[in-house]
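Engineer: My questions will all concern the structure given below.
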Amino acid sequence: MNPIIKNSFIASSLVLALAFSACTEEAEYDSARPVSGDCIKASFVADNAEYIFPAGEGSGNTFSVVVARENAEEEATVRLMPTNLNADCFQIPESVTFPAGESTASFTIDLLADGIEEEEFYTYSVALEESAIDPYDENTLAVTTGYVLKHAQWSTSLGTGVYADNALPQLIPGFPSTTACEVLQADGKSWYKIAPFGDEVIFKVDENGTVRVRQQCLISGVVLDKSIGEESIYISTDSTYDGLYNYYDAETNSIVVVLSYVAEATGTLGTLVAELYLP
């Protein structure tokens with residue numbers, strides 16, 4: 001018998017023996033508490049929503065979240081319980097009210113511009129009070145989580161730069177290691193945006209010269225594994241290399257970064273140095 005199979009059989013036998021032994025012992029059992037008859041059985045209608053706001057203070061920073069309920073005869077107010085995640089970035093109301101006879105209601109969340117950095121995703125998460133939900137219904141969405149991003153203003157074109165990435169020829173045979181691309185600069189900031197393969201990627205240079213790249217899609221529709229088919233490759237700076245890489249080089253007018261590469265389905269692909277040569 002194969003040793004691996006043999007060991008698995010022994011382990012399974014021990015588990016079964018322990019299980020039968022446990023069944024012979026008396027154990028206290030707490031039955032599930034029934035749902036209150038006046039429970040409205042509320043639930044969020046969506047999860048993992050994404051809200052993208054254009055640049056500018058007057059572009060609007062408010063979005064709505066919808067809640068549904070099963071029992072809709074009477075007016076009902078449900079308390080909302082925000083989590084502490086990014087609490088300084090959002091203004092969330094204390095409750096949402098269903099008018100009598102209405103099976104849905106909505107509440108608005110305000111993105112607080114003073115608490116965020118543009119071109120970064122922020123996460124909100126809100127829960128419904130326990131008494132308003134049916135915890136035994138597998139379709140109940142008692143907590144909803146979403147993502148919000150506020151764009152910066154990109155009105156300055158610096159001209160044509162070069163994105164050099166030696167990882168791509170290794171990942172995709174025959175793919176070029178250098179690509180010419182337009183470089184945009186965010187108004188009033190040392191942030192640079194390129195779209196070398198159609199997808200936009202933003203490099204942020206901090207006041208101390210350190211460079212950050214949040215996880216963004218670098219290239220879509222590539223085949224890394226024929227059994228998987230087309231997928232996207234995402235990049236982000238590996239902060240463990242700050243000080244050695246991930247900096248702006250004034251002598252060459254370039255950004256030097258160590259990027260982590262992750263494929264949508266394949267998973268982690270490794271890390272390698274890439275450069276963006278500014279015009």
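The values are calculated or read from the model by the stated rules, or taken from the named source; none is laboratory data. Nothing here was measured: the structure is a model prediction, and the numbers come from that model. Cβ sites come from the backbone with ideal geometry, for glycine too, and all protein chains shown count toward neighbours.
Engineer: Just to be sure before I move on: is Ser236 surrounded by 17 or more Cβ atoms within 10 Å (Cβ to Cβ) and either touching a helix residue (DSSP H, G or I) at 6+ places or on another chain (Cβ under 7 Å) or not basic (Lys, Arg) (or both) in the structure I sent? Please lay out each step first, then the result.
Structural biologist: On the way: surrounded by 17 or more Cβ atoms within 10 Å (Cβ to Cβ): yes; either touching a helix residue (DSSP H, G or I) at 6+ places or on another chain (Cβ under 7 Å) or not basic (Lys, Arg) (or both): yes.
Yes: the conditions hold for Ser236.
Engineer: For region 180-209, which positions are surrounded by 16 or more Cβ atoms within 10 Å (Cβ to Cβ) and hydroxyl-bearing (Ser, Thr, Tyr)?
Structural biologist: Matches in region 180-209: Tyr192 only.
Engineer: Turning to a different aspect of this structure: Between a residue in region 233-255 that is within 10 Å of Val211 (Cα to Cα) and in the same structural domain as Thr210 (by TED's automatic domain parsing) and any residue that is of a type in the set (D, E, K, R) and modelled with pLDDT of 95 or more, which pairs come within a Cβ distance under 6 Å, given they are 6 or more apart or on different chains?
Structural biologist: From residues that are within 10 Å of Val211 (Cα to Cα) and in the same structural domain as Thr210 (by TED's automatic domain parsing), the pairs are Thr237/Arg212.
Engineer: So which strands (runs of 3 or more DSSP E) are wholly in region 223-267 and hold at least 1 residues that are over 23 Å from the mean Cα position of the chain (by Cα) and acidic (Asp, Glu)? If you could, list the steps in order and put the result at the bottom.
Structural biologist: On the way: elements: 230-237, 247-249, 254-263.
It comes to 247-249.
Engineer: Any idea which of (1) more than 30 Å from Val45 (Cβ to Cβ); (2) crowded, with 18+ Cβ neighbours inside 10 Å; (3) without any contact (Cβ under 8 Å) to a residue 40 or more places away in the chain is the one Ser155 doesn't satisfy?
Structural biologist: So the condition that Ser155 fails would be (2).
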